[in-house]
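**Q** Attaching a single structure in structure tokens format; questions to follow.
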There are 2 protein chains.
Amino acid sequence: MYNAKAYSAASETSPLASTTIPRRDPNEHDVRIEILFCGICHSDLHSVRNEWSATVYPIVPGHEIVGRVTEVGSAVTTYKPGDLAGVGCLVDSDRTCAQCQAGFENFCPNLTLTFGSPDKHLGGVTYGGYSESLVVDERFVLRIPSNLDLATAAPLLCAGITTYSPMRRRGVTKGKKVGVVGLGGLGHMGVKFARAFGAHVVAFTTSPDKTDDALRLGSDEVVLSRDAEQMQKHAGSFDFILDTVSADHDINAYLNLLGVEGNLTLVGAPPKPLGVSAFSLIMGNRSLSGSNIGGIPETQEMLDFCGEHNITADVEVIPIQKVNEAYERLLKSDVKYRFAIDMASLKSE
Amino acid sequence: MYNAKAYSAASETSPLASTTIPRRDPNEHDVRIEILFCGICHSDLHSVRNEWSATVYPIVPGHEIVGRVTEVGSAVTTYKPGDLAGVGCLVDSDRTCAQCQAGFENFCPNLTLTFGSPDKHLGGVTYGGYSESLVVDERFVLRIPSNLDLATAAPLLCAGITTYSPMRRRGVTKGKKVGVVGLGGLGHMGVKFARAFGAHVVAFTTSPDKTDDALRLGSDEVVLSRDAEQMQKHAGSFDFILDTVSADHDINAYLNLLGVEGNLTLVGAPPKPLGVSAFSLIMGNRSLSGSNIGGIPETQEMLDFCGEHNITADVEVIPIQKVNEAYERLLKSDVKYRFAIDMASLKSE
């Protein structure tokens with residue numbers, strides 16, 4: 001066991017502040033990673049403030065982790081010191097259940113989340129990426145393509161896989177018409193992936209001032225979702241819509257834009273139930289789905305795809321000392337489009 | 001043009017009553033069918049009472065039609081006088097759109113419903129199956145397997161295809177765990193099909209007194225949906241759930257029973273929006289769909305499947321003079337499980 005510098009919150013009303021946390025020494029299957037950048041996901045904020053009522057304090061959030069391998073266990077075969085490495089939302093699972101066998105560790109009933117899950121090695125809960133290093137079994141370490149900028153690659157580990165996975169599973173490809181609702185951390189990745197898959201991409205936004213950016217990110221069209229006439233023009237025409245909005249909104253307005261057998265997938269989680277009209281689904285055999293990150297093989301596939309197509313997030317890099325301020329700005333959607341913490345800033349703590 | 005005996009409603013507050021309606025003489029592609037039985041679908045009642053605010057009066061409902069061919073046009077190749085024949089919800093479409101080309105005439109933007117759609121031949125609207133005969137283009141006539149009892153086969157034309165189609169598309173087969181919510185006209189067909197497909201079938205009902213019948217119809221298990229403990233035992237375990245309930249109900253209670261990538265398909269249409277928790281969908285990549293009858297090829301496939309497996313509806317046969325009383329009983333779910341009108345009773349009008 002060793003101590004690592006980190007930022008943690010002591011309670012749901014406490015700011016994140018400098019601390020040290022225990023990390024295990026690498027066992028034979030483990031990889032120790034010096035964390036270079038960690039993205040800020042909105043679920044970090046939900047967890048720090050206990051908005052899902054499940055937080056164990058102190059909490060060290062962070063699951064969009066990129067860094068460099070500094071040490072490997074004796075049985076590790078896939079990484080060596082000096083390699084780039086990524087860690088997403090998962091650091092362990094039971095490896096024996098049907099989901100694990102199928103590469104969907106994200107649905108393992110015994111998965112270990114990167115932060116806030118019971119820590120099988122040290123007791124207490126797992127600590128995430130707002131830290132100078134972490135130790136992870138190699139099975140849960142991702143390879144980061146060497147051509148990607150590391151700060152902008154960090155958000156791929158959650159925002160990337162969250163948007164990539166449902167589009168891949170729903171067959172988003174050339175010839176398909178794809179909508180992306182909401183242009184934030186998730187939505188801007190959704191536009192980039194849909195474009196890279198060759199689809200015709202329509203971004204929906206409530207903010208006219210995001211139009212230029214939506215086009216720059218790869219949208220073919222931008223629709224102002226509060227303009228009923230613009231919306232009506234697209235009625236019944238979409239193969240797939242990715243809905244990244246975590247605030248309450250009228251889901252039927254989007255369901256009605258789907259064509260026959262069209263699918264809308266939620267990756268944002270509005271706190272109140274969505275009022276879904278049965279007719280919106282029955283007319284056209286439409287479906288409304290949710291999607292929750294992805295398994296390890298799929299996450300690696302996504303990273304490799306990003307390497308080939310040079311896709312990363314648009315980020316604003318901050319020192320960790322600005323993390324509480326960044327949370328406030330996140331609440332106002334005042335970031336284009338993801339914060340990434342430069343973990344070198346932790347050295348001065 | 002000729003006159004046919006029928007039952008029609010003159011306004012949303014009028015009972016159905018004896019009348020005569022015009023029918024076209026068969027053109028070269030048409031088949032004239034003497035109607036022997038017509039099932040009563042809940043949507044007949046919705047339409048007669050203008051509950052969807054789109055009814056043109058007078059209305060002759062009925063789209064679960066079986067009968068015998070009495071005359072065919074000169075170009076008709078697939079039917080001859082004496083053949084058994086069925087007509088479902090559709091009697092025409094544009095035949096040129098992508099949906100028609102793909103055999104999904106049910107999603108043609110220019111489809112003609114069996115009753116209540118503009119009648120291209122005679123003007124006014126189309127008149128349905130509560131009538132002694134009708135004339136339909138052979139492309140929209142279905143073949144009824146000769147081994148099926150005609151009264152019990154009639155509901156296959158709507159209740160049958162409505163439940164068969166989503167299960168087929170969602171891959172219900174041996175090894176799958178399938179739920180059927182609600183044991184009425186649709187639900188009892190859902191249980192029969194799921195059983196015939198080889199799935200493990202669980203019927204959900206609010207009525208303990210339906211348990212024996214649910215087992216008789218082919219369920220392997222029956223769950224009382226108001227018993228939270230019974231429900232919890234099945235959490236996360238279903239591949240597919242067919243929800244046939246058209247009253248308000250807690251959809252999340254069923255979504256949470258789905259396993260990873262599980263699907264719940266609505267074929268009933270509750271009038272108020274369903275309150276769908278985004279988390280219910282996101283956890284497990286679940287989906288909520290709707291399904292709306294089926295195309296002509298799929299309907300024929302369903303009928304052929306029913307012929308092979310000897311599947312028909314459980315019906316109570318009534319004379320047409322009892323149709324208004326049957327509507328009242330339908331509102332109280334007082335039928336096991338579908339009414340079929342014996343159209344011979346129309347001869348005395």
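**Q** Which positions within segment A:284-320 get 40 Å² or more of their accessible surface covered by the other protein chains, compared to the chain by itself, with a 1.4 angstrom probe?
**A** SASA drop of 40 Å² or more in segment A:284-320: A:ASN285, A:LEU288, A:GLY290, A:ASN292.
**Q** Cut-off 18 Å, label point 7 angstrom out along Cα-to-Cβ of A:TRP52: give me the residues of segment A:177-191 whose amide nitrogen falls inside.
**A** Inside the label zone: A:185-187.
**Q** What would the Debye formula give as log10 I(q)/I(0) at q = 0.11, 0.16, 0.17, 0.19 Å⁻¹ for the alpha-carbon point model of segment A:19-124, no solvent?
**A** Computed log10 I(q)/I(0) values: -0.39, -0.85, -0.96, -1.19.
**Q** Let me ask another. Return the sequence-ordered ³J(HN,Hα) values of segment A:120-127 in whole Hz as given by the Karplus equation 6.51 cos²θ - 1.76 cosθ + 1.60 applied to θ = phi - 60°, using x for Gly and Pro.
**A** Rounded to whole hertz, the list is 5, 8, 10, x, x, 10, 6, 10.
**Q** A further question follows. Ignoring ligands, DNA and RNA, how do A:PHE339, B:PHE115, A:PHE279 rank by accessible area with a 1.4 Å probe, largest first?
**A** If we order A:PHE339, B:PHE115, A:PHE279 from most to least accessible, we get A:PHE279, B:PHE115, A:PHE339.
**Q** Quick one: divide the alpha-carbon radius of gyration of segment A:224-268 by 2.2 N^0.38 Å and tell me what you get.
**A** Dividing the Cα radius of gyration by 2.2 N^0.38 Å gives 1.09.
**Q** What is the distance, in nm, between label points placed 7 Å from the Cα along the Cα-to-Cβ direction at B:ASP25 and at A:LEU45?
**A** 7.5 nm
**Q** How many nanometers, to one decimal and shortest first, lie between the label point of A:PRO319 and those of its other copies, if labels sit 7 Å from Cα toward Cβ?
**A** Output for A:PRO319: 9.4 nm, nearest copy listed first.
**Q** What Kirkwood Rh does segment A:84-229 have if only Cα atoms enter the pairwise 1/r average? Answer in Å.
**A** 17.3 Å
**Q** Roughly speaking, what % of Cα-Cα pairs in the protein assembly as shown are separated by over 41 Å, rounded to a whole number?
**A** Within the protein assembly as shown, distances greater than 41 Å cover 38 percent of Cα pairs.
**Q** Taking a probe of 1.4 Å, how large is the accessible area per residue of segment B:294-341, in Å²?
**A** Result: 43 Å² of accessible area for each residue.
**Q** Which aspartates and glutamates have a Cα lying under 15 Å from the Cα of A:LYS177, excluding residues fewer than 8 positions away in the same chain?
**A** The qualifying aspartates and glutamates are A:ASP220, A:GLU221, A:ASP239, A:ASP243, A:GLU261.
**Q** Distance between the C-alpha centers of segment B:66-81 and segment A:319-349? Whole Å please.
**A** 75 Å
**Q** Between B:LEU258, B:ALA235, B:SER289, whose Cα lies farthest towards the positive end of the dipole of segment B:159-290 when Lys and Arg beta carbons carry +1 and Asp and Glu beta carbons carry -1, centred on the Cα centre?
**A** B:SER289
**Q** Now for a different question. If I take R0 = 25 Å and measure r between the Cβ atoms of B:TYR2 and B:ARG143 in this structure, what FRET efficiency does the formula 1/(1 + (r/R0)^6) give, to the nearest 0.05?
**A** 0.50
**Q** I've got another one for you. Taking each pair of different alpha-carbon atoms in segment A:1-53 once, compute 1/r for the pair, average those values, and report the inverse of that mean as the Kirkwood hydrodynamic radius in Å to one decimal.
**A** In segment A:1-53 this quantity evaluates to 13.1 Å.
**Q** Further question on the same structure: With a 1.4 Å probe and every protein chain kept in, tell me what percent of the accessible surface of segment B:159-290 is carbon plus sulfur.
**A** Taking all protein chains in place, segment B:159-290 shows 49 percent carbon and sulfur surface.
**Q** Here is a further query. Rounded to the nearest 5, what is the percent of antiparallel bridges among the DSSP beta bridges in the protein assembly as shown?
**A** 55 percent
**Q** Another question, then. Where does the Debye-calculated log10 I(q)/I(0) of segment B:155-216 sit at q = 0.21, 0.26 Å⁻¹, using only Cα point scatterers of equal weight, no solvent?
**A** These q points yield log10 I(q)/I(0) values of -0.77, -1.11.
**Q** 222 nm [θ] for chain A, helices only, -39500 (n - 2.57) per DSSP H run of 4+, per residue, to 500?
**A** The helix contribution divided over chain A gives -6500 deg cm²/dmol.
**Q** Then there is this: What does the convex hull of the Cα atoms come to per residue for chain B, in Å³?
**A** Per-residue hull volume (Cα only) is 131 Å³.
**Q** Next up: Dividing the convex hull volume of the alpha carbon atoms of segment A:159-290 by its residue count, what do you get in Å³ per residue?
**A** Here the figure is 92 Å³ per residue.
**Q** B:ASN324 versus B:ALA75, label points 7 Å from Cα toward the beta carbon: distance in nm?
**A** 4.4 nm
**Q** Give me the accessible area buried between chains A and B, both sides summed, with a 1.4 Å probe, in Å² rounded to the nearest 100.
**A** 2500 Å²
The values are calculated or read from the model by the stated rules, or taken from the named source; none is laboratory data. Here the structure is a predicted model, which means the values were calculated and not measured. Neighbour counts are summed over all protein chains in view; Cβ atoms, including those assigned to glycine, are modelled from backbone coordinates with ideal geometry. Only protein heavy atoms, including side chains, enter the accessible area calculation; ligands, DNA and RNA are left aside. Shrake-Rupley method; radii C 1.70, N 1.55, O 1.52, S 1.80 Å.
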